[in-house]
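**Q** Here it is, the structure in full.
The values are calculated or read from the model by the stated rules, or taken from the named source; none is laboratory data. Bear in mind that the values here come from a model prediction, so they are computed numbers and not experimental data. Cβ placement follows ideal geometry from the backbone for every residue including glycine, while neighbour counts extend to all protein chains displayed.
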Amino acid sequence: MFSQETAESWAAGMARMDFQEPGLVKTSLEWALQGAILDEPILDAGCGTGLCATLIKGFSRRLEGVDLSANMLDAARETGHYDALHCDELVSFLQTHQGYGAIVGSGVCVFLGDLRPLFAAVKRALVKGGVFVFTVDLHDGMEEVVVSPRHHAMRLHNPKHMLTAAWQSGLELLRFERCRMRNDFFELRPIEGAAVVLSNAGETDGSV
């Protein structure tokens, strides 16, 4: 759980690292929707202090956010951009909420190991044709997922394994773009990752 002090300093830390992920999510979502404004809500998954909100709010008539930290959500609420905010673990929340036209995850997958539970929950939560737009830190070794050398709580994902897991969950790859996520906080060297767009092209319990 993030403290209030940590929540307040989060945005400053993102600025130091030249955090690109909210902008990458916005660009990818814009590409996926091709000018459409969703009738269904968008969910900002792991919304934190709301760094994505101002960039993605215009793509839907309703924006919701979910985060595990109540202190982060307090900061997100102050942006005034969210129609609803939920304090919950991401996968658990997605397993019990449906009907989203898009789910976005800026910098959230780096804190997850096996992404299969997330992908399965995303498919359930999306309407048919809905999209999951997210960023992920990458590595090109043999392992499916490895601990980041930068922080023990962060994970790097092998793109082939990750996309296979998404396909096995019933999500279709629409876009995969390698890019710079941010700079390392201490060394300020570029961190490589990808902006990804997956679609729920098949039938789902979340269809409306």
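**Q** Taking the stretch 44-67 on its own, how many of its residues are at pLDDT 95 or above, closer than 18 Å to V110 by Cβ and of a type in the set (A, V, I, L, M)?
**A** 2
**Q** Working carefully through the options G107, G23, find the one that is surrounded by fewer than 23 Cβ atoms within 10 Å (Cβ to Cβ), under 14 Å from the mean Cα position of the chain (by Cα), among the small types (G, A, S) and at pLDDT below 95.
**A** Numbers: G107 fails: surrounded by fewer than 23 Cβ atoms within 10 Å (Cβ to Cβ).
The conditions single out G23.
**Q** Continuing with this model, one more query. Give me the pairs, please: first residue somewhere in the stretch 112-135 and closer than 19 Å to A153 by Cα and in contact (Cβ under 8 Å) with a residue 40 or more places away in the chain, second residue anywhere and of a type in the set (K, R) and assigned to a strand (DSSP E or B), beta-carbon distance under 6 Å, and either six or more positions apart or on two chains.
**A** Here the result reads G113/R155, each pair linking the stretch 112-135 to a residue that is of a type in the set (K, R) and assigned to a strand (DSSP E or B).
**Q** How many of the residues making up the stretch 66-96 are in contact with a Lys or Arg (Cβ under 9 Å, 6 or more places away or on another chain) and surrounded by 19 or more Cβ atoms within 10 Å (Cβ to Cβ)?
**A** Number satisfying all stated conditions: 4.
**Q** Restricted to the stretch 66-94, and to residues that are of a type in the set (D, E) and more than 17 Å from the chain's Cα centre (by Cα), which residue is nearest to G46 (Cα to Cα)?
**A** Residues of the stretch 66-94 that are of a type in the set (D, E), as a first pass: 67, 74, 78, 83, 88-89.
After this cut, where a residue has to be more than 17 Å from the chain's Cα centre (by Cα) as well, the list is 74, 78, 83.
Details: D74: 13, E78: 16, D83: 15 Å.
Looking at the filtered set, the residue picked out is D74.
**Q** In the stretch 183-193, is there at least one residue being in a strand (DSSP E or B), surrounded by fewer than 16 Cβ atoms within 10 Å (Cβ to Cβ) and at pLDDT below 95?
**A** Scanning the stretch 183-193 turns up at least one residue that is in a strand (DSSP E or B), surrounded by fewer than 16 Cβ atoms within 10 Å (Cβ to Cβ) and at pLDDT below 95.
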